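What follows is one structure encoded as structure tokens, with my remarks underneath.
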Amino acid sequence: MTTTRTRALDAAVELLGTEGLRSLTHVRVDERAGLPKGSTSNSFRTRRALLEGVAVRILERELPGVGTTFTQPSTPEEFVEGLSSLLELLTGPARVPTTARLVLFLEASHDPPLREVLSRGRGILEAMGVASLATLGARDPRNAAAAVAACFEGLLLHRVARHDETDPRPVLGLVVRGALA
């Protein structure tokens, strides 16, 4: 059975990902979740608490999919394929939560507590990239992972914001080869 808190957070993710930050109010979340008026504000007293709750919820929903989509590669080609599959997941079936996360990133530019919450999720993904690139023989896995992550995030942003469905493999392949050089 889904808790009131989870229903509110899922509705908030949906609102952020489909209608943007301005749509996120306690009342609108209650309406979207089919909850009695005041339910969301009982769980999340402030807008900041709601935003932080949404960031945590997105991470909870995303990580299982990331773990099954992206496995430890044994070749650079497998790494590129894993990244491409992850990009497809995040901009296909998980497009709405991905869009919500991107909205939160912009909000985090002037909200340090929210930035901290979002940074935890990025740290998990970054560690996966560092481990993969170390296994593949990168001389400097941390900087290599930063380069690959920057490319991946750029592709993600363009897919969401511009609906750019260009095959990411050539670009990711170039960056991964450079990261391993």
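Annotations for the structure displayed:
- Segment residue 180-residue 162, length gained on full extension (0.36 nm per residue, minus Cα span): 3.5 nm
- Of the DSSP H helices in the chain, those whose Cα atoms cover at least 15 Å axially and whose Kyte score averages 0.0 or more: 47-69, 76-91, 95-108, 112-135, 141-162, 169-180
- Placing 29, 56 in order of accessible area, with the largest value first and a 1.4 Å probe, yields 56, 29.
- The modelled label-to-label distance for the pair residue 143/residue 6, using points 7 Å beyond Cα in the direction of Cβ, is 4.5 nm.
- Diagonalising the gyration tensor over the Cα atoms of the chain and scaling each eigenvalue by 5 before taking the square root yields semi-axes of 33, 15, 14 Å, largest first.
- Scanning the chain for trypsin sites (Lys or Arg not before Pro) in DSSP loops with at most 13 neighbouring Cβ atoms within 10 Å leaves 46-138 as the longest stretch between them.
- Computed from the alpha carbon positions, the gyration tensor of region 116-165 leads to an equivalent ellipsoid with semi-axes of 22, 15, 7 Å, biggest first.
The values are calculated or read from the model by the stated rules, or taken from the named source; none is laboratory data. Everything numeric here is computed off the predicted structure, so don't read it as measured data. Quick reminder, even Gly has a Cβ in these numbers, built from the backbone with ideal geometry, and neighbours come from all protein chains shown. Each accessible area value is taken on the protein alone, full model and side chains, heavy atoms only, with ligands, DNA and RNA left out. Shrake-Rupley method; radii C 1.70, N 1.55, O 1.52, S 1.80 Å.
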